[in-house]
1. For the pair residue 176/residue 295, report the inter-label distance in nm, with labels modelled 7 Å from Cα in the Cβ direction.
2. Carbon and sulfur: what percent of the stretch 45-149's accessible surface (1.4 Å probe)?
3. Net charge near residue 153: determine it from the other residues with C-beta under 9 Å of the C-beta of residue 153, scoring Lys and Arg +1 and Asp and Glu -1.
4. Once you list every other residue whose beta carbon is under 15 Å from the beta carbon of residue 15, what net charge do they have if Lys and Arg are +1 and Asp and Glu are -1?
5. Identify which of 145, 136, 32 has the largest mean-square fluctuation in a Gaussian network model of the chain, with springs joining Cα atoms closer than 10 Å.
6. In whole percent, what relative contact order does the chain give with Cα contacts below 8 Å and a gap of six or more residues?
7. Computed FRET efficiency, Cβ-Cβ of residue 117 and residue 74, R0 45 Å: what is it to the nearest 0.05?
8. Between beta-carbons, use under 13 Å as the cut-off and find the net charge around residue 97, counting Lys and Arg +1, Asp and Glu -1.
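The values are calculated or read from the model by the stated rules, or taken from the named source; none is laboratory data. Quantities reported herein were computed from a predicted structural model and do not represent experimental measurements. When we count neighbours, we look across all protein chains shown, and the Cβ atoms used for this are built from the backbone with ideal geometry, even at glycine. These area figures cover heavy atoms from the full protein model, side chains too; ligands, DNA and RNA do not enter into them. Shrake-Rupley method; radii C 1.70, N 1.55, O 1.52, S 1.80 Å.
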Amino acid sequence: MSAGERERDRIWTVLQLLRWTTDHFAERGIESPRLDAECLLAHALGGDRLRLYLDYEKPVEADERAAFRALVRRRAGERIPVAQLLGQKEFWSLRLQVTPDVLVPRPETETLVAAALEAFPDADAELTILDVGTGSGAVALALASERPKARVTASDLSDAALAVAGHNAEQLGLAERVRFVAGDVYAPVAGERFDLVVSNPPYLAESEAPGLAPELEHEPAGALFADEDGLDVLLKLVAGAAEHLNPGGLLALEIAPGQTQRLREACGGAGLREIAVRRDLAGRERVVSARARGED
Ligand SMILES: C[S@@+](CC[C@H](N)C(=O)[O-])C[C@H]1O[C@@H](n2cnc3c(N)ncnc32)[C@H](O)[C@@H]1O
């Protein structure tokens, strides 16, 4: 019997596979090796991560191992994000479809959702909301799910992203209250005003690209990078806010830590008030918000 055949015939339990893969991912510099191994093995076995803990000593069948091996290879070799390998990502308790056409929703973006909900605490309010650069629909759909009487407009430059967001809205039963429009920043909503404008726009500087994690190469560049300093889309959002907010309405933007001061100044210059900064769970400045003038 050859070494390859012996390896194929060896019994591998769930725990052994997890240990081996965690070490392999760690050696390859994957940031969360154990978590990634668990997500991929659960997917290959057709269950969830909790099930793995109950099945630690269970042998994994050869066909399941082959499916898992293929996922491990793509994760460690090609550095494809786990969410793209699974085709989905949890965000604000919503399960969203994710494809290479959209940014993988990030946990820090939940800070943006939390800031918006805190500013509009009445769950029954008939709000109008605009989400610019909706991607998978993460922020728009989280807000629509939390404010059942809100009407949400979600925009993006990318038609491919809007198709994914539309699919997610249908899957979550929110499509009736979410309108999708294509175009640059406020162009698709010319002449319209909203109670709340939110955005997690591209905010990385193009010059940062070489130093970033290899996983980012699998996400759309247009979702990540904005010009030389990363501020291009953010500043357009601020400049047009007064024209698109109802009196007293709120603008809330996700930013990169380090952009705070520039955004504060821009908000002040655009006549917005009550400028505030909120930190994410890692303690980094992550959201800048400001209000339009109220009725005088
Ligand atoms: C950082 S991703 C955020 C996606 C999603 N909102 C999220 O938080 O997961 C930014 C999104 O903005 C879109 N975008 C980039 N430039 C834009 C522009 N000028 N106008 C409208 N959308 C834009 C990209 O296509 C991408 O889907």
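1. So the two model labels end up 3.0 nm from each other.
2. It is 50 percent, rounded to a whole number.
3. Net charge in that neighbourhood comes out at 0.
4. Value of the local net charge: +2.
5. Of the options given, 32 has the highest mean-square fluctuation.
6. The value is 13 percent.
7. Once the sixth-power term is evaluated, E becomes 0.80.
8. In short, -1.
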